[in-house]
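Rule-based calculations on the coordinates, nothing more; no lab input. Worth saying up front: this structure is predicted, and the values here are computed from it rather than measured. Don't worry about glycine lacking a Cβ; one is built from the backbone with ideal geometry, like all the others, and counts go over all protein chains shown.
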Amino acid sequence: MSDQQGPPSSMDVFLRGLWQENPVFVMLLGTCPTLAVTNKVINCFAMGVSVMFVLVMSGLLISLLRSFIPKQVRIASFIIIIATFVTIVDYAIQSISLDLYDSLGAFIQLIVVNCIILGRAEAFASKNGPAKSMLDAVGMGLGFTFALLCLGVIREALGNGTLMMDTPFEISLFGPNFAPWSIMILPPGGFFVLGLELILFAWLRKRREQRRAQTAQA
Amino acid sequence: MNTESLPSIFINTLIVNNFVLSMFLGICPFLGVSSKKETATRMGVAVTFVLLVSSVCAYGINIVLNYIGAPYLTLICYIAVIAAAVQLVEMVIKKYSPALFRALGIFLPLITTNCAILGLALFQTQKGYNFVQCLVYALGAGGGFTLALIIMAGMREKLELADVPDIAQGAAITLILAGILSLAFMGFAGLGG
């Protein structure tokens, strides 16, 4: 942000991840899990919460240890710290719901190589204090969950005609005569929906800029 | 033990369950370096190479971890060893084949955080493949990745001449293209048996 002077306030740090620097829509990080798990809304929740947990815990630990970790081996140390928390999440989900674990597949373990987490560790947690790092992590985590839900809701609604499938809160949206558009819950649907949402956000941004230019002229 | 035949594993990972287009592994490099055919080929070769190396490493680690009874360390060991292996491979290539090093160049370190690599290691453990099956699996995955990357690069080279609307340029149109490609690859379902 070029128009900001000095260090950003806590609120800015938090909100940045949610919208302005949304990890999925703006920075295009972590696209692999985004596309893979968003065929069900419940998967999006689980994935979002898991990523947020790993982000927050590793951000906290890394920012506490930031003066002890030698610069040369920082990436390796970050990855080990992240992998530890991912293992915790992996076993936790396995014990909470085996069905959920099966439907998420290897993608819980693949959180380790999710660029969002390493990116935040390198760009933020290794340079800022623990409180701010955690705030940044929560913001980024919420932003990621929000992006997952944006895709998941559309894909499940079109592909299966429901919301919150496979949970006690299942809602049928279109009644019994709905013919599911099953491509949407299959892999191609992920690519299409994310592509179309990127177009939508680019369009919104362009329109806002045009409006700002108009008011500046007037 | 898994008794799947070798050709079936190869075809399955190469086309039917293509790592990029149907399992969403390695999307970042897929979107990032698929703008030219030449770079796409190099990236594909580099990834295939690293896949083979890490597949062998993961096979070894899995035996050791099962022997000492610590399967909860799988993830940490895999990622640490893969990262180290990539570094080692980079140094060895730099020393013995500068030409190959120049060709693979900047792509090697990037590959460490490619989810296809860790994904392959995790899947081969899950499926209980033996040593030869692991190698064929890695080869198929690498081939599939290269195939997807080259097809995509070819399409994007053509796309440069096309009149894409302003707002759809860049990642958005690439994703739509990938979706169509993925749709096409779905036609292969059932081929591997």
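Classify segment B:23-88 as rounded, prolate or oblate, taking a ≥ b ≥ c as the square roots of the eigenvalues of its Cα gyration tensor: rounded when a/c is under 1.5, otherwise prolate if a/b is larger than b/c and oblate if not.
It comes out prolate by the Cα gyration axes.
Normalised radius of gyration for chain B, please: alpha carbon Rg relative to 2.2 N^0.38 Å, two decimal places. Intermediate results must be reported in sequence, preceding the final value.
Values: Rg = 17.5 Å, N = 193, 2.2 N^0.38 = 16.3 Å.
So the Cα radius of gyration is 1.08 times the expected 2.2 N^0.38 Å.
How would the protein assembly as shown be classified by its alpha-carbon gyration tensor: rounded, prolate or oblate, with rounded meaning a/c under 1.5 and the a/b versus b/c comparison settling the rest?
Taking the square roots of the gyration eigenvalues as a ≥ b ≥ c, the protein assembly as shown is rounded.
So how strong a dipole does segment A:39-134 carry about its Cα centre when Lys and Arg Cβ are +1 and Asp and Glu Cβ are -1, to the nearest 20 debye?
Working: 7 positive and 4 negative charges, 113 e Å.
It works out to roughly 540 debye.
With the contact rule set at Cα under 8 Å and sequence spacing of 6 or more, what percent relative contact order holds for segment B:6-186?
Here the relative contact order equals 45 percent.
For segment A:69-171, which GluC sites (Glu not before Pro) are in a loop by DSSP, counting at most 10 other Cβ atoms within 10 Å?
Filter output for segment A:69-171: empty list.
Using a Förster distance of 51 Å, how high is the FRET efficiency between B:LYS36 and A:ALA213, based on the Cβ-Cβ distance and rounded to 0.05? Walk me through the numbers on the way to the answer.
Numbers: r = 35 Å, r/R0 = 0.69.
Using R0 = 51 Å, I get an efficiency of 0.90.
Between A:VAL49 and A:THR167, 0.36 nm times their residue separation minus their Cα-Cα distance comes to what?
40.8 nm
Collect residues whose amide H, placed 1.01 Å from N in the peptide plane, falls under 5 Å from the amide H of B:VAL20; neighbours closer than 5 in sequence don't count.
B:LEU25
Report, as an integer, the average count of C-beta atoms from other chains found within 10 Å of each Cβ along B:10-22.
Other-chain Cβ atoms within 10 Å of each residue's Cβ, averaged: 1.
Just to compare against my own numbers: the Cα pair-distance distribution for segment A:31-108, 10 Å bins, whole % per bin, please.
Per 10 Å bin, starting at zero, the Cα-Cα P(r) for segment A:31-108 comes out as 18, 44, 27, 11, 1 percent.
Calculate the mean, over all residues of peptide A:27-33, of how many other protein chain Cβ atoms lie within 10 angstrom of the residue's Cβ.
Mean inter-chain Cβ contacts per residue within 10 Å come to 5.
Between A:GLN20 and A:ARG74, what is the label-point separation in nm under the 7 Å Cα-to-beta-carbon projection?
In this crude label model, A:ARG74 to A:GLN20 measures out at 2.3 nm.
Please check which bits of segment A:126-156 a label hung off A:SER67 would reach, taking the label as a point 7 Å along Cα-to-C-beta and the cut-off as backbone N under 17 Å.
A:126-133
Are there chymotrypsin sites (Phe, Trp or Tyr not before Pro) in segment A:113-192 that DSSP puts in a loop and that have at most 15 other Cβ atoms within 10 Å, and which ones?
On the way: sites: A:PHE124, A:PHE144, A:PHE146, A:PHE169, A:PHE174, A:PHE178, A:TRP181, A:PHE191, A:PHE192; in loops: A:PHE169, A:PHE174, A:PHE178, A:TRP181.
Counting only loop positions with at most 15 other Cβ atoms within 10 Å, the chymotrypsin sites (Phe, Trp or Tyr not before Pro) in segment A:113-192 are A:PHE169, A:PHE174, A:PHE178, A:TRP181.
Give me the number: length gained by fully extending B:GLN169 to B:ILE68, i.e. 0.36 nm times residue separation minus the C-alpha to C-alpha distance, one decimal in nm.
Length gained, B:GLN169 through B:ILE68: 31.1 nm.
Hey, got the dipole for the protein assembly as shown? About the Cα centre, +1 on K and R Cβ, -1 on D and E Cβ, debye to the nearest 20?
In debye, rounded to 20, the protein assembly as shown gives about 1020.
What is the distance, in nm, between label points placed 7 Å from the Cα along the Cα-to-Cβ direction at B:ASN2 and at A:LEU204?
Going from the B:ASN2 label point to the A:LEU204 one covers 4.1 nm.
Just B:THR125, B:THR146, B:THR13 to compare: in a GNM of chain B, with alpha carbon springs under 10 Å, which one fluctuates most?
B:THR125
Between A:MET27 and A:GLU122, what length in nm is gained on full extension when 0.36 nm per residue of separation is reduced by their alpha carbon distance?
Answer, rounded to one decimal: 32.7 nm.
Which of the peptides B:164-170, A:60-66 is most tightly packed, and how do the rest follow, going by the mean number of other Cβ atoms within 10 Å of each residue? Could you put the intermediate results ahead of the total?
Values: B:164-170: 13.4, A:60-66: 18.6.
Result, highest mean first: A:60-66, B:164-170.
To the nearest 0.05, what FRET efficiency results for B:LYS127 and A:ALA131 with a Förster distance of 45 Å applied to their C-beta separation? If you can, show how the numbers build up before the last one.
Details: r = 44 Å, r/R0 = 0.98.
Efficiency, rounded to the nearest 0.05: 0.55.
At q = 0.17 Å⁻¹, what log₁₀ I(q)/I(0) does a Debye calculation on the Cα points of chain A give, no solvent, two decimals?
So the normalised log intensities work out to -1.18.
222 nm [θ] for chain B, helices only, -39500 (n - 2.57) per DSSP H run of 4+, per residue, to 500?
Helices in chain B give a 222 nm mean residue ellipticity of -23500 deg cm²/dmol.
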